[in-house]
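Readers should treat all values here as calculations from the given coordinates under stated rules, not as data from a laboratory. These numbers come from a predicted model, not from an experiment. Cβ coordinates were reconstructed from backbone atoms using ideal geometry, including for glycine residues, and neighbour counts include every protein chain displayed.
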Amino acid sequence: MEEVSGKPAAGVIGLGLIGSRVAACLRRAGHQVWLWNRTVRPEPNFLSSPAEIAEAARYIQIFVSDGDALHSVLRAMLPALTAEHVILNHATVSPADTLVAAEIVGENTPHFSMLPSLAAETQRLLASLFTTSVATRMFSSAFAHS
């Protein structure tokens, strides 16, 4: 788990709409970023398993779409997890799936965030805001200049 320019390495699991953008932002901020996704992507530092992510980075953010995927990723990482890992769970899953995830990592990883329902609510809120006020302003502005 190396640092580049004094910044800790980061792992991102799940390269969908949000995960891919988080990885890009971390890179721009100067972090070494290690990636994994169920579907292989031609990305720099793409590793072959979630366990390799845990071996390469102490800070790991997870962006998967369901509870089964979250549980599978955590079980795959489990042998490589230590008490020093910090896992930020941004998966769009139920609170019950989050509790199962916390049980999977157990005492091996005491730093496991449990805010996936907040992520889902935030996504819905942003979608609502975009479709109302932002879209209205964009269209109004476009027509005002034509």
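Here is how the numbers come out for the structure above:
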| read-out | value |
| --- | --- |
| Student exercise, the range 3-114 dipole from Lys, Arg, Asp, Glu Cβ charges, in Debye to nearest 20 | 480 debye |
| Summed residue charge, Cβ within 11 Å of V93's Cβ, Lys/Arg positive, Asp/Glu negative | -3 |
| The range 1-63: radius of gyration over Cα atoms, expressed as a fraction of 2.2 N^0.38 Å | 0.98 |
| Descending Cα extents along the principal axes, the range 28-91, whole Å | 30, 28, 20 |
